[in-house]
Amino acid sequence: MKVNEIISVEQQFNLPADRIWNAITNINEMKQWFFSNIESFKPEVGFKTEFKVNSQDRIFTHLWKITEVEPFVKIVYNWKYDTYPGDSFVHFELFKKEHSTILKVTSKVIESFPKNVPEFKSESCREGWNYFIKKNLKNYLENKEY
């Protein structure tokens with residue numbers, strides 16, 4: 001992924017915004033659909049966390065820093081990796097629509113990621129967000145008892 005590249009994914013849920021917000025900001029819920037090995041997470045500006053994800057023979061140490069929080073509306077992470085160049089911001093935004101909520105996730109690259117690493121290709125990023133939001137999160141929320 002290169003500088004100024006933007007990847008965006010949207011999913012509509014027949015749930016109130018607070019349910020979606022909890023799923024994207026509560027570590028216990030995030031572990032169910034996002035990354036099971038997140039060690040800590042708080043939806044607070046300045047909060048930092050890191051965790052490792054293995055992919056074939058590569059280790060990706062995710063470095064997240066929360067840069068913006070508007071409860072039940074938006075949370076923004078600075079998202080980069082420990083041993084790879086590249087930098088991005090990921091926006092999770094909630095929009096109320098009648099009796100449902102739309103979650104829009106947008107990844108904006110501010111420093112290019114390596115071209116020779118398959119996980120950093122645009123298609124891989126798009127597929128990853130579709131997997132997390134349109135499959136995992138959707139299944140998680142639709143099958144959760146409230």
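Evaluate the following for S100: is it more than 14 Å from F13 (Cα to Cα) and modelled with pLDDT of 95 or more? Write out each step before concluding.
Details: more than 14 Å from F13 (Cα to Cα): no; modelled with pLDDT of 95 or more: yes.
Considered against the rule, which asks whether it is more than 14 Å from F13 (Cα to Cα) and modelled with pLDDT of 95 or more, S100 comes out as no.
May I ask you to say which residue of P71, P43 is within 13 Å of the chain's Cα centre (by Cα), modelled with pLDDT of 95 or more and farther than 18 Å from W129 by Cβ?
Values: P71 fails: within 13 Å of the chain's Cα centre (by Cα).
Testing whether each residue is within 13 Å of the chain's Cα centre (by Cα), modelled with pLDDT of 95 or more and farther than 18 Å from W129 by Cβ leaves just P43.
How many residues, within the range 107-146, are modelled with pLDDT of 95 or more and within 17 Å of F13 (Cα to Cα)?
13
Looking only at the range 120-146, count every residue that is assigned to a helix (DSSP H, G or I) and surrounded by fewer than 17 Cβ atoms within 10 Å (Cβ to Cβ) and tell me the total.
Looking only at that region, the number is 16.
When the range 85-116 is examined, which residues are found to be surrounded by fewer than 16 Cβ atoms within 10 Å (Cβ to Cβ), assigned to a loop (DSSP other than H, G, I, E, B) and not basic (K, R)?
Passing the criteria: P85, E98, H99, P114, N116.
The values are calculated or read from the model by the stated rules, or taken from the named source; none is laboratory data. Worth saying up front: this structure is predicted, and the values here are computed from it rather than measured. Using ideal geometry, Cβ is built from the backbone for each residue, glycine included, and neighbour counts are taken over all protein chains shown.
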